[in-house]
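See structure below.
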Amino acid sequence: MAEIRLAKLAHSYGNGTNALKPLDMTWRDGGTYALLGPSGCGKSTMLNIISGLLKPSEGRVLFDGQDVTDKDTGARNIAQVFQVPVIYRSMTVGENLAFPLVCRRVPTPRIKARVEAIAERLGLSRHLNSRAVALTADQKQLISLGRGLVREDVSAVLLDEPLTVIDPQMKFELRKILKDINREFRLTMVLVTHDQNEALTFADTVVVMNHGEVIQAGTPQELFERPATTHVGTFIGSPAMNFLPAVHEGDRVLVPGAGLSRTAPADLPTTDLTLAFRPEHAVAGGPLAGTVTRIWFEGADQVLALSVGDASLRIRAVAGAETVGAIVRFDVPQDCLRLYHQGRLVA
Amino acid sequence: MKTLYLALKYLAIALWSAFVVFPFLWALTTSFKSANGVTGGATWIPWVQYEPSLQGWQSLFGGVGGINVVKPFYNSLVVTLSASVISITLGTLAAYALSRFTFRFLWMRNSDITFFFISQRIMPPIVLAIPFFLMLRSLGLLDSLPGLILVYVALLMPIAVWVMVDFFNGVPRGLDEMAWMDGCNPITTFWRVILPNALPGLVVAGMFCIIFGWNDFFFAFTLTFTETQLLPVAIVSLNSSVTPWWSLSAAALVSIAPLVVLAFVVERFLSKGGLAGAVR
């Protein structure tokens, strides 16, 4: 278990493009982190740099203050679970789990005890003597995870989209196991994913990335309540945040024709402003009105697409009798209205 | 319909089996015939159609006008097995390196180097005969087992590299990365993780090497005189102005026996699913 610090870390793949722009970040010991972003945003590159599979073009990687940038993968004592289950096909489940300890020349009785304990924890006990190839995809991912956990001194467990190939009903179960393991073993866990649900339900801290850059790192609550950029607001939350072009008039910022406004902070530029709010923050009844253009159901709620003046937006409402074409009245509390200038959060 | 399909299937298998087994049967019966037996049309049933004779077999084991096949058989076995083991060992290591690490030599990259290995088998063997002869002569290895082994390694290694590069490329790179993470170095990664996954490739490469090595006549003939004789050369020396079909048939059976055994062993391995699905 270790605190992971990335100091001025940057990477380019030699073709001139920056896979990872310079960043500084510290991941505390025992925390759960999720790297969230679209494909090609640099999250797997970051993970591979931490595990040592990739050497960064610039910057350092520190585990508990120790520089490990030049150490190879084995010496870093990292466990990684890949997107596609990677198992040693020629070995049994038990041999797979024992392998990292065999490589580290741990005495046989100790290996046996550790393998049995981890297999028991992951529910693999009755498969110990089966050939690993014969197991299902989710069980194979558990073997991958188990090979990390079997080492008592593992620095961190890196999970590179480990749930992508898992059946939807097993995903929930596996995510729960990961979370339990994190609590039980107090392991630093880093999950790479492009699924916001997975990231928000798994991690204490979610790191949102785009184009090789960390855009925002914060708790799921912070990301939801105060997205640092319009990109994060769009990426996190379903349906996405409403962004409405706004103008600065006197001491207020308002959306022309929609009636939506808030007080302007001091020194606010006059152009390129956007007012935003979450569909979930709209409350029924109030001074604002819009025409329903579309309705779709999401469990107990329904999402209404509204046309308000020239703008179109979405609000979440309790499933009711609204119909397309009806006028709906709503309001957005002032403390839920966010203001962006050139796509970045101002207030 | 199903019965008809089954009947046709068995008919096809029977025809193919006859096609394959017939020459063996021919050689087997001929090996027990004498000069009288091989003339006057095909005969199959001993004592009824022809009088069996051990003359053919006797001529292989020091009989009058024959040879002693034991020494050449042993020589062939030593040369083929040694050359195959060395070729597979070196070829597998080379193939692993070519599959996993990046090499640059002048303008050449990994694929060019792999092709360079394979290209050794493109040119006709006769081109190599004189250089090999001169090389072995300067090393004092002409007409010797080590000399032949050396030449056969040069001939068989391209086959091993060619087969194994393909197999290693089929083993996912994620497996190497996982092994590094689990604490392996490049050598233990190769030995404990990648090689067991490429085992079917080893069997295929081994089979090719043994077949090519065992069957070679050309180099066995041009690089030896009288001291070191391999089986194909010994068999040819049986021939005379009157072709001794009985001796040649017996010799043919002796020479294919090891390959038949090999075929059975490999067949068992392959039918156990050793090859199927070994690489994801």
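Under the condition of being on the phi > 0 side of the Ramachandran plot and either out of contact with any Ser or Thr (no Cβ under 9 Å at 6 or more places or on another chain) or among the aromatic types (F, W, Y) (or both), the residues counted in the stretch A:154-187 number 1. Of everything in the stretch B:172-203, what is outside any helix (DSSP H, G or I) and under 18 Å from A:L53 (Cα atoms)? Give them in sequence order. Passing the criteria: B:P172, B:D182, B:G183, B:C184, B:N185.
Mind checking whether some residue in the stretch A:115-127 is of a type in the set (K, R) and surrounded by fewer than 16 Cβ atoms within 10 Å (Cβ to Cβ)? Don't jump to the end; show me each part of the working.
Of the stretch A:115-127, the ones of a type in the set (K, R) are A:121, A:126.
Remaining after also requiring surrounded by fewer than 16 Cβ atoms within 10 Å (Cβ to Cβ): A:126.
Yes, that holds for at least one residue.
Against the condition more than 14 Å from every other protein chain (Cβ to nearest Cβ), modelled with pLDDT under 90, over 30 Å from A:D67 (Cβ atoms) and in contact with a Phe, Trp or Tyr (Cβ under 9 Å, 6 or more places away or on another chain), how does A:Q196 come out, does it pass? Yes: the conditions hold for A:Q196.
Any idea which residue in the stretch A:44-58 is nearest to the other protein chains (Cβ to nearest Cβ), counting only those that are outside any helix (DSSP H, G or I) and not aliphatic (A, V, I, L, M)? Please lay out each step first, then the result.
Step one: list which residues in the stretch A:44-58 are outside any helix (DSSP H, G or I), which gives A:52-58.
Remaining after also requiring not aliphatic (A, V, I, L, M): A:52, A:55-58.
Working: A:G52: 8, A:K55: 13, A:P56: 17, A:S57: 18, A:E58: 22 Å.
This residue is A:G52.
Yes or no, residue by residue, for (1) touching a Phe, Trp or Tyr at 6+ places or on another chain (Cβ under 7 Å); (2) among the aromatic types (F, W, Y):
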residue: B:Y5; (1), (2): no, yes
residue: B:A12; (1), (2): no, no
residue: B:W16; (1), (2): no, yes
residue: B:V20; (1), (2): no, no
residue: B:F24; (1), (2): no, yes
residue: B:A35; (1), (2): no, no
residue: B:P52; (1), (2): yes, no
residue: B:G56; (1), (2): yes, no
residue: B:F61; (1), (2): no, yes
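For the stretch B:158-185, which positions are within 13 Å of chain A (Cβ to nearest Cβ) and touching a residue at least 40 places away in the same chain (Cβ under 8 Å)?
We begin by selecting, within the stretch B:158-185, every residue within 13 Å of chain A (Cβ to nearest Cβ); these are B:170-185.
Hits for the stretch B:158-185 are B:G170, B:V171, B:P172, B:R173, B:D176.
Cβ-Cβ contacts under 7 Å between residues 6 or more apart (or on different chains), taken from a first residue in the stretch A:52-63 that is polar (S, T, N, Q) to a second residue that is surrounded by fewer than 21 Cβ atoms within 10 Å (Cβ to Cβ) and assigned to a strand (DSSP E or B), are listed as A:S57/A:A10; A:S57/A:S12.
Determine, yes or no, whether B:G91 is small (G, A, S), over 12 Å from B:A251 (Cα atoms), buried (at least 16 other Cβ atoms within 10 Å of the Cβ) and within 22 Å of the chain's Cα centre (by Cα). Spell out how you get there, then give the answer.
On the way: small (G, A, S): yes; over 12 Å from B:A251 (Cα atoms): yes; buried (at least 16 other Cβ atoms within 10 Å of the Cβ): yes; within 22 Å of the chain's Cα centre (by Cα): yes.
Yes, satisfied.
Considering (1) among the hydrophobic types (A, V, I, L, M, F, W, C); (2) over 23 Å from A:R104 (Cα atoms); (3) within 14 Å of chain A (Cβ to nearest Cβ), the lone condition that B:A220 does not fulfil carries the number (3).
Out of the residues in the stretch A:128-156 that are among the small types (G, A, S) and surrounded by 17 or more Cβ atoms within 10 Å (Cβ to Cβ), which is nearest to the chain's Cα centre (by Cα)?
Of all residues in the stretch A:128-156, those among the small types (G, A, S) come to A:130, A:132, A:134, A:137, A:144, A:146, A:148, A:155-156.
Then drop every residue that is not surrounded by 17 or more Cβ atoms within 10 Å (Cβ to Cβ), which leaves A:132, A:144, A:146, A:148, A:155-156.
Details: A:A132: 30, A:S144: 21, A:G146: 22, A:G148: 21, A:S155: 20, A:A156: 17 Å.
Per the criteria, the residue is A:A156.
Return a yes/no flag: does the stretch B:194-202 have any residue that is buried (at least 21 other Cβ atoms within 10 Å of the Cβ) and more than 14 Å from every other protein chain (Cβ to nearest Cβ). No: the stretch B:194-202 contains no residue that is buried (at least 21 other Cβ atoms within 10 Å of the Cβ) and more than 14 Å from every other protein chain (Cβ to nearest Cβ). Just one of the listed residues (B:P125, B:P172, B:P158, B:P146) is over 20 Å from B:T80 (Cβ atoms) and either out of contact with any Cys (no Cβ under 9 Å at 6 or more places or on another chain) or not assigned by the TED database to the domain that holds B:V260 (or both), and it is B:P172. Filtered by the rule that a residue be small (G, A, S), within 9 Å of chain B (Cβ to nearest Cβ) and more than 17 Å from A:L178 (Cβ to Cβ), the stretch A:78-108 gives a lone residue, A:S90.
Would you point out which residue out of A:G299, A:G285 is exposed (fewer than 11 other Cβ atoms within 10 Å of the Cβ), under 26 Å from the mean Cα position of the chain (by Cα) and at pLDDT below 90?
Values: A:G285 fails: under 26 Å from the mean Cα position of the chain (by Cα).
Being exposed (fewer than 11 other Cβ atoms within 10 Å of the Cβ), under 26 Å from the mean Cα position of the chain (by Cα) and at pLDDT below 90 holds for just one of A:G299, A:G285, which is A:G299.
Is it true that A:L191 is touching a residue at least 40 places away in the same chain (Cβ under 8 Å) and within 14 Å of chain B (Cβ to nearest Cβ)? Spelling it out, it is not the case that A:L191 is touching a residue at least 40 places away in the same chain (Cβ under 8 Å) and within 14 Å of chain B (Cβ to nearest Cβ).
Only one of these is among the polar types (S, T, N, Q), part of a loop (DSSP other than H, G, I, E, B) and within 30 Å of A:N197 (Cα to Cα): A:T323, A:T293. Name it. Full working, then the answer.
Details: A:T293 fails: part of a loop (DSSP other than H, G, I, E, B).
Only one candidate passes the filter, namely A:T323.
For the stretch A:206-233, the set of residues classified as more than 27 Å from A:K8 (Cβ to Cβ) and either assigned to a strand (DSSP E or B) or under 14 Å from the mean Cα position of the chain (by Cα) (or both) consists of A:P220, A:Q221, A:F224, A:G233, listed by residue number.
As a summary of the residue check, B:Y152 satisfies the conditions (1) closer than 19 Å to B:L230 by Cβ; (2) of a type in the set (S, T, Y); (3) not in a helix (DSSP H, G or I) except for the one numbered (3). Answer with yes or no whether B:G37 is modelled with pLDDT under 85 and part of a helix (DSSP H, G or I). Judged against the criteria, B:G37 is a match.
The values are calculated or read from the model by the stated rules, or taken from the named source; none is laboratory data. Since we're looking at a predicted model, the values are computed, not measured. When we count neighbours, we look across all protein chains shown, and the Cβ atoms used for this are built from the backbone with ideal geometry, even at glycine.
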